Amino acid sequence: MYKGTEASAGIGIGKAVLVRSAEPVIRRELAADADAEVERLRKALADTAVRTEKLASELASRTGEKEAGILQGHLMLLSDPTLIGEIESFIRKEAVCSEYAVEAVCSAYAGLFSAMDDERMRQRAADVKDIKNRLQQVLQGIEPEDAASLPPGSVILAKDLTPSMTAGILPTHIAGIVTEQGSRTSHSAILARALEIPAVVAAAGILDAVSDGDDIIVDGNAGEVLLRPSEAQKAEYRQKREQFLREKKELERYIGRPTVTLDGVQVELAANIASPEDVEKVLRYDGEAIGLFRTEFLFMDRTSVPTEEEQFRAYRKTAAAMGGRPVIIRTLDIGGDKEVPCMGLKKEENPFLGYRAVRLCLDRKEDIYRPQLRAILRASAFGAVRIMIPMVTSLEEFRETRQLIREIQKELTEEGTAFDPHIPVGIMVETPAAVLLADSFAREADFFSIGTNDLTQYTLCVDRGSEKVSDLYSPFHPAVLRSIRHIITCGRNAGIPVGMCGEAASDPMMIPLLLAFGLNEFSMSPSAILQARKIITGYRTEDLQEMAAQVMKLETAGETEDFLRAFAGC
Ligand code: PEP
Ligand code: MG
């Protein structure tokens, strides 16, 4: 099994087709007649534009104007007077062939774009390279790859797909797309989603292992690829596919609907994200808020800690994209299973009980906590931003953070920098200490969010990542359920909202119980939102009270789980 990034949802089962992009070989040939060479270039530009226009209109009829806009952008580049002028003067000055001039000028442009900070500008580099290749193919009389001619059931595998190759794809013929490079925001990923073809990107190493014609399964929901699956695996994934398609169709009805129970109780359906890029998915699935922004992901896969400015840009982008809907930004929660090499932390015997999250932040106020809190506060001027502190075990940790926030607010006022002076500051309730002190915390914190992933591990003393004890890890354990009920009751008594951002919030067996307890906000992976809305809007909270009372009398995880499974009909 190969792990990558899920780029487009769904399950694709088919035969592998390796696409090796035919990059034309470009040599520095001299051109004797510069005028004739420029003429040759102009003709190639016109031919390429015609081909691109055709592709764009085909794509517009299959997806929509927005997606075809990517190719419209290519058309604009193909008639850009500055770009064309530079290629023409390169031909005249250097007396070289068009192919070489195109290579030199377009590569320089692509280099400039890829060095930029802005993700969208970096994407322009891929567009310029795509145009460069097609232009050179036309100049050399090479027929471009025609994805439309691939047989039905093809799974395309490539290092990376260019937008024009993806645009030529017939969704009825292509069962899936797998690339070794790319990200969720690359244009080919955007197009794969628009065409609704299951896709996994960044599946490292797959090209070395696969051969043309191999059986292959693409799981765009989990970001996984199965090469040469067994008959049993194929049958299993066929079933998964059927179920996915059925559910997807049905769930679309819940887009745009309020999340209200049958007896009129409104709750907030929010999303967990790890980067600003995830907001697109949140909006697609109609998330009403961000209930958890796991900022530690901004610190991973890099050699230095992100600066205040970098963090500010990421938080501002998220807040602005959510257009006034709440965005809960969690301060750095590293340690435990979340390793961040750029912090250079020493390995610990018991990382889950060690130097992590708020403990580390309070110990490294100047280089870690202050810049992050400043970045979040500055971003609060651009949306409904909230601050959430993870792994809290004592009131001192909360008070010290509040004090630091006050100091920064004073600093920002003196600098004349905008921020929200009433920014809510809440805590994750995910340690037994915080549960037992929930009444005290509720008097000081502006909101609670229950982190059942850690709360389960700390309450039951079960490492959440250890396979050996995974059968003991259950949020349905009565000790965890009683903790959850206690937290919600304390929050309600103090008049503060209580949410949940652990995985249990989207569990169909847990949702009715949480509704009965009076949870205000459910936060989950964006793709789980519509299903949760369907479940929530089907219950009447009054009818759930009796069920909750019965569950709370049970004394083992097995009993509560069986009871809730039967109740939810799962
Ligand atoms: C949790 O512990 O439930 C939680 C949401 O946080 P994380 O999974 O990031 O530890
Ligand atoms: Mg946690």
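The values are calculated or read from the model by the stated rules, or taken from the named source; none is laboratory data. Please read these numbers as outputs of a predicted model, since none were measured by experiment. Quick reminder, even Gly has a Cβ in these numbers, built from the backbone with ideal geometry, and neighbours come from all protein chains shown. Accessible surface is based on the protein model in full, side chains and every heavy atom, while ligands, DNA and RNA are left aside. Shrake-Rupley method; radii C 1.70, N 1.55, O 1.52, S 1.80 Å.
Filter segment 339-364 down to the residues that are more than 16 Å from ligand 2 (Cβ to nearest atom), modelled with pLDDT of 95 or more and either over 16 Å from Glu296 (Cα atoms) or among the small types (Gly, Ala, Ser) (or both) and list them by number.
Asp363
I'd like the full set of residues that are under 22 Å from Phe522 (Cβ atoms), under 30 Å from the mean Cα position of the chain (by Cα) and away from ligand 2 (no atom under 13 Å from the Cβ), limited to segment 469-486.
Tyr473, Ser474, Phe476, Val480, Leu481, Ile484
Under 8 Å between Cβ atoms, which residue pairs at least 6 apart in sequence (or on different chains) link something in segment 332-347 that is closer than 15 Å to Arg359 by Cα and open to solvent by 60 Å² or more (accessible area, probe 1.4 Å) with a partner that is assigned to a strand (DSSP E or B) and within 16 Å of ligand 2 (Cβ to nearest atom)?
Listed pairs, sorted by first residue: Leu345/Gly335.
Do the conditions hold for Thr413, that is, is it assigned by TED's automatic domain parsing to the domain that holds Ile450 and open to solvent by 60 Å² or more (accessible area, probe 1.4 Å)? Before the answer, list the steps.
Details: assigned by TED's automatic domain parsing to the domain that holds Ile450: yes; open to solvent by 60 Å² or more (accessible area, probe 1.4 Å): yes.
Yes, satisfied.
Can you tell me which condition Ala314 does not meet? The list is (1) surrounded by fewer than 18 Cβ atoms within 10 Å (Cβ to Cβ); (2) away from ligand 2 (no atom under 16 Å from the Cβ), and all the others hold.
Here Ala314 clears every test but (1).
What number of residues within segment 493-522 are closer than 19 Å to Ala442 by Cβ, more than 16 Å from ligand 2 (Cβ to nearest atom) and modelled with pLDDT under 95?
0
Which residue out of Leu283, Leu373, Leu360 is under 22 Å from the mean Cα position of the chain (by Cα) and of a type in the set (A, V, I, L, M, F, W, C)?
Working: Leu373 fails: under 22 Å from the mean Cα position of the chain (by Cα); Leu360 fails: under 22 Å from the mean Cα position of the chain (by Cα).
Just a single option satisfies the conditions, and that option is Leu283.
Residues of segment 388-412 being within 16 Å of ligand 2 (Cβ to nearest atom) and outside any helix (DSSP H, G or I), which ones?
Across segment 388-412, the qualifying residues are Met388, Ile389, Pro390, Met391, Val392, Thr393.
Of all residues in segment 428-464, count the ones that are of a type in the set (A, V, I, L, M, F, W, C), under 23 Å from Ile368 (Cα atoms) and either within 12 Å of ligand 1 (Cβ to nearest atom) or outside the structural domain of Ile389 (by TED's automatic domain parsing) (or both).
At the first step, the residues of segment 428-464 found to be of a type in the set (A, V, I, L, M, F, W, C) are 428-429, 433-438, 441-442, 445, 447-448, 450, 455, 460-462.
If we keep only those that are under 23 Å from Ile368 (Cα atoms) too, we end up with 428-429, 445.
Next, only the ones that are either within 12 Å of ligand 1 (Cβ to nearest atom) or outside the structural domain of Ile389 (by TED's automatic domain parsing) (or both) stay: 428-429.
The number of residues fulfilling the criteria is 2.
Going by the conditions given, is Gln233 at pLDDT 90 or above, polar (S, T, N, Q) and exposed (fewer than 14 other Cβ atoms within 10 Å of the Cβ)?
no
Of all residues in segment 447-468, which are part of a loop (DSSP other than H, G, I, E, B), within 26 Å of Ile423 (Cα to Cα) and within 13 Å of ligand 2 (Cβ to nearest atom)? Don't jump to the end; show me each part of the working.
Filtering segment 447-468 for residues part of a loop (DSSP other than H, G, I, E, B) gives 447, 451, 461-466.
When the remaining residues are screened for being within 26 Å of Ile423 (Cα to Cα), the result is 447, 451.
Scanning segment 447-468 gives a single hit, Gly451.
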